[in-house]
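Worksheet for the structure shown next.
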Amino acid sequence: SWRLGLEAAHRRNRIVHATGDGTGREIMRALIAAVRRTPSITLLEGVEARRLIVEDNAVRGVLAANASGALTIATNRVVIATGGIGGLFADSTNPGGCFGQGLALAAHAGAKLSDIEFVQFHPTAFDGPSRPMPLLTEAIRGDGAVLIDETGERFMADQPGAELAPRDIVARAVWRHRAAGHRTFLDARQHPGAEFAQRYPVISAFCKMAGIDPAHDPIPIRPAVHYHMGGITVDGFGRSTVQGLWACGEAARTGLHGANRLASNSLMEAIVCARWVAESIESVSAGPRAMLRDDAMPQASDPSAVRPILTQGLGVLRDRDGIARAIRSLYPLACGHSAASDAALVGLMVAVAAIRREESRGGHFRSDFPHIAASAVPSSLTRADALAAARDIVESTPFARSALS
């Protein structure tokens, strides 16, 4: 069943929902089925891309690994569509295995990344032990649910837009209310009330597994990393700054979302921009490709060492001292060759971009620079830029020179 829902910062019900809260599942079901019945697609399952093979700033192949070992895929055309970076944080609605691997591939290939300081925190993730954190869709607030604390106070009521203000505003309000010692809840007892389970069957099911009936109980919530507005710098055709490398979806920075994605626009971007990428690839003929190579295979990535660093230093509220501490912790990991290196590199690039942006805009809020600057300053950097900037910060710390020598 289909219906139009109202979400944050929208003026009318314009978002199509399938089976209430099952839109993502329905999209994936249709996409997987289409891929499997398309003869021209060879599906490689259980294969992980570890590095792009690049010569003269042009893609020549992919160095990958599966259970049997390393393999080289020779190609001069690669599309990165690997999702976001939520798995770099302890609290996220994203799968734990989605931690910016596509950005690491692009960065090691020499591609530019843009606007990667802009990380969106969803204000209403289910506050429980499960990771990834179950998402309480904004459509529930569009149906009339409100935010309350343990006293029953509706703490967003006097804000413009109230609970349907832009996500960054709601997330900061929830974060500050919790920092003041309160618990925070989504109250759907009146709206949608008794219809909750029918409208949101997936959310209703996991709430009831936690002993909560949304028709009768407030649902505990907290902000969590949800979406990354930045990513691989691409043009209107999805082309990166490396020849033969395209990106689309959350891994790409198309500029569509600015500093604070409007709810559900990511689905439209993925559909529209993916078509543009496909049309662009069709216009590129097969060219030079890598021969089979015996490159050193990087380790499989493990972001566990990076999560506490980014969670503490690059959260809902940021400041220079916290970001600088994160940079000092991430830099040696990013320069190394451990399982944490790729995740640390992506985290380091986010931190360098964040420390350079001395203003607050959208998903990037600096408590030491709480206002929007007079004009937007685009941010872009390469791996080399980030490492150089990070080294400067590390070397400016007392006793750091002897540690680096």
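Values in this text are rule-based calculations from the coordinates and carry no lab data. Keep in mind that what you see is a predicted model, and the values were worked out from it rather than measured. Heads up, the Cβs are rebuilt from the backbone with ideal geometry, glycines too, and the neighbour counts pull from every protein chain shown.
The label-point distance for residue 73 and residue 384, in a model that sets each label 7 Å from Cα toward Cβ, rounds to 2.8 nm. Put in line by how crowded their Cβ is, counting other Cβ atoms within 10 Å and starting with the fewest, 360, 92 read 360, 92.
FRET efficiency for the pair residue 335 and residue 182, taken as 1/(1 + (r/R0)^6) with r the Cβ-Cβ distance and R0 = 45 Å, rounds to 0.60.
For the chain, relative contact order (Cα pairs under 8 Å, six or more residues apart, normalised by length) works out to 20 percent. Taking other C-beta atoms within 10 angstrom as a stand-in for reagent exposure, 246, 175 fall in the order 175, 246, fewest first.
Each of 56, 213 was scored by other Cβ atoms within 10 Å of its Cβ. Listed from fewest to most, they are 56, 213. In this simple spin-label approximation, residue 16 and residue 275 carry label points 7 Å from Cα along the Cα→Cβ vector, and these lie 1.2 nm apart. What the Cα convex hull of the range 303-404 gives, in volume per residue, is 98 Å³.
With a ≥ b ≥ c taken as the square roots of the eigenvalues of the C-alpha gyration tensor of the chain, please select rounded if a/c is under 1.5 and otherwise prolate if a/b is larger than b/c or oblate if it is not? Oblate, because a/c is 1.5 or more while a/b does not exceed b/c.
Can you give the % of DSSP beta bridges in the chain that are antiparallel, to the nearest 5?
Around 80 percent of the beta bridges assigned by DSSP in the chain are antiparallel ones.
The helix-only estimate of mean residue ellipticity at 222 nm for the chain, built from DSSP H runs of length n ≥ 4 each weighted as -39500 (n - 2.57), is -9500 deg cm²/dmol after division by the residue total. In percent, rounded to a whole number, the relative contact order of the range 303-404 is 27, using alpha-carbon pairs under 8 Å and six or more apart. The share of Cα pairs per 10 Å bin across the range 289-339, counted from zero up to the longest distance, runs 21, 38, 22, 13, 6 percent. Residues whose amide H falls under 5 Å from that of residue 253, counting only those 5 or more places apart or on a different chain, are 231, 232, 233, 234, with hydrogens built in the peptide plane.
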